[in-house]
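Student: This is the structure I want to talk about, given as structure tokens.
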Amino acid sequence: MLMQRDELAGCVPWILDQDGNRTEGLDDDRRLSEVQEGLQRHPRVRARIGAVDPQQVRQTLGVLHEADYLEALEQAPAEEAVLIGKLAEPGLLPDTPVCAQAFAAAREGVATSIAAAMSILEGARFSYALCRPPGHHAGPAWLGGYCYLNNAAAAAHTLATAAGEHGTSSPIAILDVDLHYPNGTAGIVARSREMTLHSLHGSTGANLPWERVAPRSEREHLVSFRNVPGSAEYLAHLERAVAEIRREASAVVLSLGYDTIAADPHGGWSFDPAIFADVGRLLAGCELPVCVVQEGGYALGALAQCSHAFVSGLLNGG
Ligand SMILES: [Zn+2]
């Protein structure tokens, strides 16, 4: 488990809901403390700080995000979080405010994700980037849904670069099991032949203006549940995605959101935290290295249960 430095500094105090009203921001360091507690209850989990060379973070961000976008974030105001319309995905209204502290935290999140990928390159079968803010809504030139920089794509790029240096041509698969459609990761994967994306998510009509989304490239594979799925139906789809990844990829980056459980304030599904034991077991069964990157999950009272179930399934099944 790779822990993030200085995560507390960059909490945004509010976010806009679907009706455009300001609502309390729920992405703060307490989430990571709860997830950490659940992970560390497992005797085989080891924790360290995920520090990497800032130059490597800058280089990685320069590959994933457009230069103008990164420059706009660097100029974010220090005093107050503000909405900047041009930083939303085209067709979407801005919902996530920007400030210097939030950008600093997002950069630390990317550093933690790169460190987790490097731990796989050093020989670990599994690693877990305990990072925030989440990243999967951050695209090449847009932010949204608490996300500024794409942590999962940073981990995948780190793994793909090393694989390329060793002459491996198989892509790195990003498997996204957060409740929400990863529009940012999809935008980045559409531009990168080194990654594929498999996503299981709730109907986008509930939180995006698009009732259905089409894959942006042949490397994007979507399972969109129009109704709230039961756990058996969901796990059957997940098993198929994992089997496909096992055939095509050399490693998996798991964009892991815990917002599919009944208690989640940004959710709407009804899973029990125990489902993450099955998610972990399925990932262990794919026999590829798995680099986990933390996405959403906001039910503070249930996050430790979720992460403990996940890591138990992963480590006991692998
Ligand atoms: Zn989510």
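The values are calculated or read from the model by the stated rules, or taken from the named source; none is laboratory data. Source: prediction; values computed, not measured. As a convention, Cβ positions derive from the backbone with ideal geometry for all residues, glycine included, and neighbour counts pool all protein chains shown.
Student: For SER224, indicate whether it is within 15 Å of the ligand (Cβ to nearest atom), farther than 17 Å from VAL252 by Cα and surrounded by fewer than 24 Cβ atoms within 10 Å (Cβ to Cβ).
Tutor: It is true that SER224 is within 15 Å of the ligand (Cβ to nearest atom), farther than 17 Å from VAL252 by Cα and surrounded by fewer than 24 Cβ atoms within 10 Å (Cβ to Cβ).
Student: Could you list, in sequence order, all residues of the stretch 178-202 that are part of a loop (DSSP other than H, G, I, E, B) and within 16 Å of the ligand (Cβ to nearest atom)?
Tutor: Across the stretch 178-202, the qualifying residues are ASP178, LEU179, HIS180, TYR181, PRO182.
Student: Would you mention how many residues in the stretch 140-177 are within 16 Å of the ligand (Cβ to nearest atom) and either surrounded by fewer than 21 Cβ atoms within 10 Å (Cβ to Cβ) or among the hydroxyl-bearing types (Ser, Thr, Tyr) (or both)?
Tutor: 2
Quick grid of which residues meet (1) surrounded by fewer than 20 Cβ atoms within 10 Å (Cβ to Cβ); (2) among the acidic types (Asp, Glu):
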| position | (1), (2) |
| --- | --- |
| HIS42 | yes, no |
| ALA47 | yes, no |
| ASP53 | yes, yes |
| THR60 | no, no |
| LEU64 | no, no |
| LEU73 | no, no |
| ALA81 | no, no |
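Student: Can you name the residue in the stretch 246-264 that is at pLDDT 95 or above and assigned to a loop (DSSP other than H, G, I, E, B) and is also nearest to the chain's Cα centre (by Cα) among such residues?
Tutor: Looking at the filtered set, the residue picked out is GLY257.
Student: Return the total of residues in the stretch 265-309 being within 15 Å of the ligand (Cβ to nearest atom), in a loop (DSSP other than H, G, I, E, B) and over 16 Å from MET1 (Cα atoms).
Tutor: So the count comes out to 9.
Student: Something else: Go through SER231, SER307 for me and flag whichever is among the hydroxyl-bearing types (Ser, Thr, Tyr), at pLDDT 95 or above and farther than 20 Å from GLU34 by Cα.
Tutor: Being among the hydroxyl-bearing types (Ser, Thr, Tyr), at pLDDT 95 or above and farther than 20 Å from GLU34 by Cα holds for just one of SER231, SER307, which is SER231.
Student: Taking the stretch 112-139 on its own, how many of its residues are surrounded by 24 or more Cβ atoms within 10 Å (Cβ to Cβ), without any contact (Cβ under 8 Å) to a residue 60 or more places away in the chain and either over 26 Å from ALA100 (Cα atoms) or of a type in the set (A, V, I, L, M) (or both)?
Tutor: 0
Student: Here's a follow-up. I'd like the residue in the stretch 227-260 that is β-branched (Val, Ile, Thr), surrounded by 21 or more Cβ atoms within 10 Å (Cβ to Cβ) and closer than 27 Å to ASP27 by Cβ and, out of all such residues, is farthest from the ligand (Cβ to nearest atom).
Tutor: VAL252
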